Amino acid sequence: MRHPPYHLRSSKSVDRYLFVEILKRVLDHGKRPSSSYTYVGFGGPFLEDLKVVEHYFPDMKLISVEKDAETVKRQIFHKFCRQVRLIHGTDEDFVANLKEGTRLALWFDFLGCAPKDIGTFSDAVRKAGEWSVLRITL
């Protein structure tokens with residue numbers, strides 16, 4: 001499925017900043033440094049989510065998971081810092097290889113609502129470390 005144009009998802013930026021505010025509060029409350037977290041999301045061709053997270057948490061590890069090879073090529077072109085790790089693969093494979101107890105700031109933003117997506121997110125919840133923040137958008 002192709003990515004919908006960003007200009008058609010005007011509330012997406014509100015979602016991004018809401019996620020950042022939640023992360024700020026969890027980090028403050030848990031007294032955890034952002035460097036102990038890994039942000040994982042579907043960066044899309046322009047890596048917009050990762051740019052916002054990096055702006056507020058410059059020492060957080062950043063990962064974008066993308067299964068479409070053409071989108072990964074665009075991500076390589078738009079990669080804004082060395083610390084961004086681009087993974088060409090599926091979210092299922094990423095979660096299957098995720099180390100238990102990893103402190104995550106994870107946002108899976110699915111274009112549909114398939115049972116496998118819910119299952120993958122559930123697996124990520126089981127593997128996530130304490131004080132992780134996980135979000136799913138369907």
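FYI, it's all coordinate maths here, none of it is from the lab. The structure presented is a predicted model; accordingly, all values stated were derived computationally and were not measured. Cβ sites come from the backbone with ideal geometry, for glycine too, and all protein chains shown count toward neighbours.
Taking Cα pairs under 8 Å and at least six residues apart, what relative contact order does the chain come out at, in percent?
Working: 196 pairs, mean separation 32.5, N = 138.
RCO, the chain: 24 percent.
Sequence-ordered 3J(HN,Hα) estimates for the stretch 81-89 from the Karplus curve with 6.51, -1.76 and 1.60 and θ = phi - 60° stand at 7, 5, 6, 6, 9, 9, 10, 8, x Hz, glycine and proline given as x. Reachable lysines from Lys31, Cα under 19 Å, same-chain residues fewer than 8 places away excluded? Straight-distance partners of Lys31: Lys61.
Rank by packing, highest mean first: peptides 105-117, 43-55, 77-89, with packing defined as the count of other Cβ atoms within 10 Å averaged across residues.
On the way: 105-117: 15.7, 43-55: 19.6, 77-89: 13.9.
In decreasing order of mean packing, 105-117, 43-55, 77-89 become 43-55, 105-117, 77-89.
222 nm [θ] for the chain, helices only, -39500 (n - 2.57) per DSSP H run of 4+, per residue, to 500? Helix contribution divided over all residues of the chain: -12500 deg cm²/dmol. Above 25 Å, the calculated P(r) of the chain contains 21 percent of its Cα-Cα pairs. If you take all other residues with their beta carbon under 13 Å from the beta carbon of Pro58, and give Lys and Arg +1 and Asp and Glu -1, the sum is +1.
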